[in-house]
Amino acid sequence: MTPTRRPAGGGHRGGGGGPRAGGHGTAVARREDHGEGDTADDVPRNVWPATQSQLYTELNRLAEAGLVTVAAEGPRGRKEYTVTEAGRAELLHWLVEVEPQCNRRSDALLRVFFLNHVGPGQARAYVEREGAQAAEHHEALLEVERSVDCDEGGDLAFYGRLTLEWGLRFTRMQQEWAAWAAEHIGDRASRDTARP
């Protein structure tokens with residue numbers, strides 16, 4: 001999902017969004033075109049994770065602002081929302097007029113910068129853990145790729161596939177970097193040990 005305000009506790013290393021509420025319309029539009037639990041939902045979840053309570057809190061705010069409206073209600077208080085004309089206008093504004101926020105901070109890379117304060121064994125273990133996490137995320141994205149038919153899903157599936165490809169390439173790069181970094185840390189430690 002791509003909301004304008006990052007949900008509390010929904011941390012991801014990247015991010016960005018528009019400063020106006022229309023950014024939340026992407027989540028609502030997805031729910032309008034695809035039923036809850038559809039495999040196409042997995043792509044936005046990997047881009048901008050949020051809990052159900054965070055999502056519905058934002059949907060209630062959008063409804064109060066007139067950007068979405070409740071289209072149907074089901075058992076256990078389940079609601080389906082549809083985007084209003086004002087909501088679509090706000091979404092369009094966010095998509096084409098608001099520059100994405102570029103988050104240049106990386107807690108993971110900041111730690112790499114300071115790995116000189118630990119021994120080479122700990123440093124290597126750290127980057128290897130980063131690589132393992134990237135591999136786990138990559139596998140999860142591959143599972144999404146296997147479950148979504150981009151040829152049959154229309155525009156949403158097509159652009160979701162473009163987003164998914166970015167994630168696949170990025171996590172592959174993270175794995176390659178981690179392996180490279182671990183090797184270089186090991187080589188440097190060996191050279192230091194060999195010095196008289």
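The values are calculated or read from the model by the stated rules, or taken from the named source; none is laboratory data. Because the structure is predicted, anything quoted here is derived from the model rather than measured. Cβ placement follows ideal geometry from the backbone for every residue including glycine, while neighbour counts extend to all protein chains displayed.
All told, R172 falls short of being under 20 Å from the mean Cα position of the chain (by Cα) and surrounded by fewer than 12 Cβ atoms within 10 Å (Cβ to Cβ). Exactly one residue out of C150, C102 is in a loop (DSSP other than H, G, I, E, B), surrounded by 12 or more Cβ atoms within 10 Å (Cβ to Cβ) and modelled with pLDDT under 95, and it is C150.
Name the single residue, out of those in the stretch 105-135 being among the charged types (D, E, K, R) and surrounded by 12 or more Cβ atoms within 10 Å (Cβ to Cβ), that is farthest from E176 (Cα to Cα).
Taking the stretch 105-135 first, the residues among the charged types (D, E, K, R) are 105, 107, 111, 124, 128-130.
With surrounded by 12 or more Cβ atoms within 10 Å (Cβ to Cβ) added as a condition, the list becomes 111, 124, 128-130.
Working: R111: 18, R124: 14, E128: 11, R129: 13, E130: 11 Å.
Here the answer is R111.
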